[in-house]
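The values are calculated or read from the model by the stated rules, or taken from the named source; none is laboratory data. On a predicted model such as this, the values are computed, not experimentally measured, just so you know. All Cβ positions, glycine included, derive from the backbone under ideal geometry; neighbour counts span all protein chains shown.
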Amino acid sequence: MALEKIFSCPRTLARLQGGPLGKLLEGFCRWLMDYGFSRWTIRSHLSNVSHFNAYLGTVEDPPRESVTAQDVDGFLRTYPLQCGNRGPLEKHLRSVGWAINRFVDYLRQKGLFEQSVPAPLYQPLDQAVPTLRTYRLCSVPRAWSEGQAQKILEAVERSSPVGLRDYAIVLLLHTFGVRSGQVRALRLEDIHWSENRILFRAMKNGKDTWLPLSAAVGEALLGYLQQGRPACACPQVFLTARAPYRPLRRSSKVAQIVRDYAHKAGIDAPPQGAHAFPHAFATRMLRQGHSLKAIAEVLGHRRLSTTFLYTKVDFDRLEEVALAWPREAPSC
């Protein structure tokens, strides 16, 4: 049997072969082996999916012939709140989410997955539990709608230097889906006017991203640089509003700017108002038919698992972009 070729511990085998998913895990193991996954990767995936097996029942429960979206939905909502993993929690939850995604790929390919729930897999935004554990695996951070973003932009008074600065900041966040730290770090040399493009420098674990400079963004930046930005030798584009002029010290200042104008527009802003823009941007690209790989390139993500957290998708939509997810290279 496939499982016995990967695991030798009797207790581990009993845990995998028993329970509702025993038969399906045997097939999943064989499927991973056929695709050339390394022994280590197979062990990791099966160990992570075993949490799903335990969620569905005990060794006494009858074996399942298939899995439903409702089963997966319930597990993704429940497991982060009950996880007793001793290691780094965020890394573990990402590994479990990755394994569940691949398990569903296998089930779909074999016709063993039932999309029985019309609602999205991930929690509705108004029902999401605001905890780190839930955020990392099963909930989706709030994202601005197009209408809300426009209201925020309209709330900015562009008749003052501060207004010109804030409008350019919000427009950058909305147009490119960049993070507040990338806007704060933007340098004068990063705007290549002759080439009509702009560079956003990498955040932690990210990568530099070149993006085309749209006419609206170019006009907003030029208006601030010519009429709003105080004379200062600092290379950063955006500076404080009062002397002594210096770069914005913290990304939280950018978030505060977004929250202030959202409040002015009559919108209930989440605590991390600026961070809602990348999520909105990723969702917008996904709905336009772009793959997760393409979205990752624009957002500057090195890992597609990071991009996955930025998108609001159900399994039907994920299936359309699943080919963009890479396979681990088989070990020698």
- Return yes or no: is E60 of a type in the set (D, E) and either modelled with pLDDT of 85 or more or part of a helix (DSSP H, G or I) (or both)? no
- Query: Within the set of pairs 6+ apart or on separate chains, which have a first residue in the stretch 14-33 that is free of Cβ contacts under 8 Å to residues at least 24 places away in the same chain, a second that is assigned to a loop (DSSP other than H, G, I, E, B) and crowded, with 22+ Cβ neighbours inside 10 Å, and C-beta atoms under 8 Å apart?
  - Reply: none
- Answer residue from the stretch 198-221, given it is within 29 Å of E157 (Cβ to Cβ) and exposed (fewer than 14 other Cβ atoms within 10 Å of the Cβ) and is modelled with the highest pLDDT among those: E219
- Considering only residues that are over 18 Å from I169 (Cα atoms) and either at pLDDT 75 or above or within 12 Å of the chain's Cα centre (by Cα) (or both), look in the stretch 268-284 and name the one that is surrounded by the fewest Cβ atoms within 10 Å (Cβ to Cβ). T283
- Is there any pair with a first residue in the stretch 84-96 that is more than 18 Å from A54 (Cα to Cα) and a second that is modelled with pLDDT under 70 and assigned to a helix (DSSP H, G or I) whose Cβ atoms are under 7 Å apart and which are 6 or more apart or on different chains, and what are they? L89/R133; E90/R136; R94/R136; R94/S305
- Note on the structure: Taking the stretch 216-239 and keeping only residues that are in contact with a Pro (Cβ under 6 Å, 6 or more places away or on another chain) and either of a type in the set (G, A, S) or within 14 Å of V170 (Cα to Cα) (or both), one is left with G228
- Query: Among the numbered criteria (1) part of a helix (DSSP H, G or I); (2) within 14 Å of F103 (Cβ to Cβ), which single criterion is violated by P20?
  - Reply: (1)
- Note on the structure: Taking the stretch 200-237 and the residues there that are within 27 Å of the chain's Cα centre (by Cα) and aromatic (F, W, Y), the one that is nearest to V298 (Cα to Cα) would be W210
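Residues that are touching a Leu at 6+ places or on another chain (Cβ under 9 Å) and in contact (Cβ under 8 Å) with a residue 60 or more places away in the chain: does the stretch 36-47 have at least one? Break it down into steps so the answer makes sense when it comes.
Here is the first cut: in the stretch 36-47, the residues touching a Leu at 6+ places or on another chain (Cβ under 9 Å) are 41-42, 45-47.
Imposing the further condition that a residue be in contact (Cβ under 8 Å) with a residue 60 or more places away in the chain reduces the set to 41.
Yes, that holds for at least one residue.
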- Considering N53, N48, which residue is assigned by TED's automatic domain parsing to the domain that holds T68, closer than 21 Å to G111 by Cα and under 27 Å from the mean Cα position of the chain (by Cα)? N53
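Name the residues in the stretch 285-310 that are touching a His at 6+ places or on another chain (Cβ under 7 Å) and modelled with pLDDT of 65 or more, would you? Before the answer, list the steps.
At the first step, the residues of the stretch 285-310 found to be touching a His at 6+ places or on another chain (Cβ under 7 Å) are 307, 310.
The one that is touching a His at 6+ places or on another chain (Cβ under 7 Å) and modelled with pLDDT of 65 or more: T307.
Could you tell me whether any residue of the stretch 228-249 is of a type in the set (S, T, N, Q), in contact with a strand residue (DSSP E or B) (Cβ under 9 Å, 6 or more places away or on another chain) and touching a residue at least 40 places away in the same chain (Cβ under 8 Å)?
We begin by selecting, within the stretch 228-249, every residue of a type in the set (S, T, N, Q); these are 236, 240.
Still in the list and also in contact with a strand residue (DSSP E or B) (Cβ under 9 Å, 6 or more places away or on another chain): 236, 240.
Narrowing further to those that are touching a residue at least 40 places away in the same chain (Cβ under 8 Å): 236.
Scanning the stretch 228-249 turns up at least one residue that is of a type in the set (S, T, N, Q), in contact with a strand residue (DSSP E or B) (Cβ under 9 Å, 6 or more places away or on another chain) and touching a residue at least 40 places away in the same chain (Cβ under 8 Å).
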- Message: It is to be established whether one or more residues within the stretch 191-204 are closer than 21 Å to P161 by Cα and out of contact with any strand residue (DSSP E or B) (no Cβ under 8 Å at 6 or more places or on another chain).
- Response: no
